[in-house]
Amino acid sequence: MGHLFHEVCFTCSVCSKKLSGKPFYTVSGRIYCEDDFLYSGVHPSPEVCHSCGNLITDMVLQAHGKSYHPSCFCCVVCRQSLEGQPFSVDSDSRVYCVSDYHKVRAPVCAACREPILPTEGSTESIRVVSCDRSYHVECYSSEVDLI
């Protein structure tokens, strides 16, 4: 900073904590301890985690225009980390692993009342829609008498 300080004078301008030998930050000539720099609103452009609401001070993971701590970016159902994994987002911006998204958001078959899920190894489900009702392919063929 180009100045000399007595050890007792080198303090945070917000909380007056002694900063000798500790991390510190300067903004507009004022000196801040790490906590006050990060949490008092002086930090130039804080990223706030969409999941936990805390400031992100290290790596930022961004998805669908929202910022997350990598450890907070997880499925709302099973809490599995989704960093680097395929995921789905519902209309309320809740994040799901693909498997749980299909379980929670899947249409229900009008014949058997079971959810219409993708077959194992697939990420897409196949269904028949007739008269605004959804059916498994096998349920529809047994439900309708084809001539």
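The values are calculated or read from the model by the stated rules, or taken from the named source; none is laboratory data. Keep in mind it's a predicted model, so treat the numbers as computed, not measured. Note that each Cβ is placed from the backbone with ideal geometry, even for glycine, and that neighbours are counted across all protein chains shown. Quick note on the areas: whole protein, heavy atoms, side chains included, nothing else; ligands and nucleic acids left out. Shrake-Rupley method; radii C 1.70, N 1.55, O 1.52, S 1.80 Å.
Note on the chain: with neighbouring protein chains present and a 1.4 Å probe, carbon and sulfur make up 49 percent of its accessible heavy-atom surface. Here the 3J(HN,Hα) profile of the stretch 118-135, calculated from phi with Karplus coefficients 6.51, -1.76 and 1.60 at θ = phi - 60°, is x, 5, 4, x, 10, 10, 10, 9, 10, 9, 10, 10, 9, 6, 6, 10, 9, 9 Hz, Gly and Pro shown as x.
How much accessible area per residue does the stretch 83-147 have, counting only protein heavy atoms and a probe of 1.4 Å, in square angstrom?
72 Å²
Of the listed residues LYS66, LYS17, the order by accessible area with a 1.4 Å probe, largest first, is LYS17, LYS66.
Ordering VAL76, PRO115, CYS97 by the projection of their Cα atoms onto the charge dipole of the stretch 1-145, which places +1 on the Cβ of Lys and Arg and -1 on the Cβ of Asp and Glu, puts VAL76 at the extreme positive end. Mind putting a number on the dipole of the chain about its Cα centre? Charges go on the C-beta only, +1 for Lys and Arg and -1 for Asp and Glu, and I need it in Debye to the nearest 20. It comes to approximately 560 debye.
Which FRET efficiency value, to the nearest 0.05, is calculated for GLN85 and CYS112 with the Förster distance at 41 angstrom and r the Cβ-Cβ distance? Before the final figure, lay out each step's value.
Working: r = 31 Å, r/R0 = 0.75.
Efficiency at R0 = 41 Å is approximately 0.85.
Each residue, GLU120 and GLU138, gets one label point 7 Å from its Cα in the Cβ direction; the gap between the two is 1.3 nm. Taking amide H as placed 1.01 Å from N in the peptide plane, the amide H of GLN80 sits under 5 Å from that of CYS75, each at least 5 places away or on another chain. Placing +1 on the Cβ of every Lys and Arg and -1 on the Cβ of every Asp and Glu, with no other charges, gives the stretch 82-134 a dipole of roughly 220 debye about its Cα centre. The modelled label-to-label distance between TYR39 and SER20, using points 7 Å beyond Cα along the C-beta direction, is 2.6 nm. Estimated from the Cβ-Cβ distance and a Förster radius of 25 angstrom, the FRET efficiency linking GLU7 and ASN54 is about 0.20.
Determine, for each peptide in 96-105, 113-122, the mean count of other beta carbons within 10 angstrom over its residues, then list the peptides with the highest first.
Numbers: 96-105: 17.5, 113-122: 11.3.
Ranked by mean Cβ neighbours within 10 Å, highest first: 96-105, 113-122.
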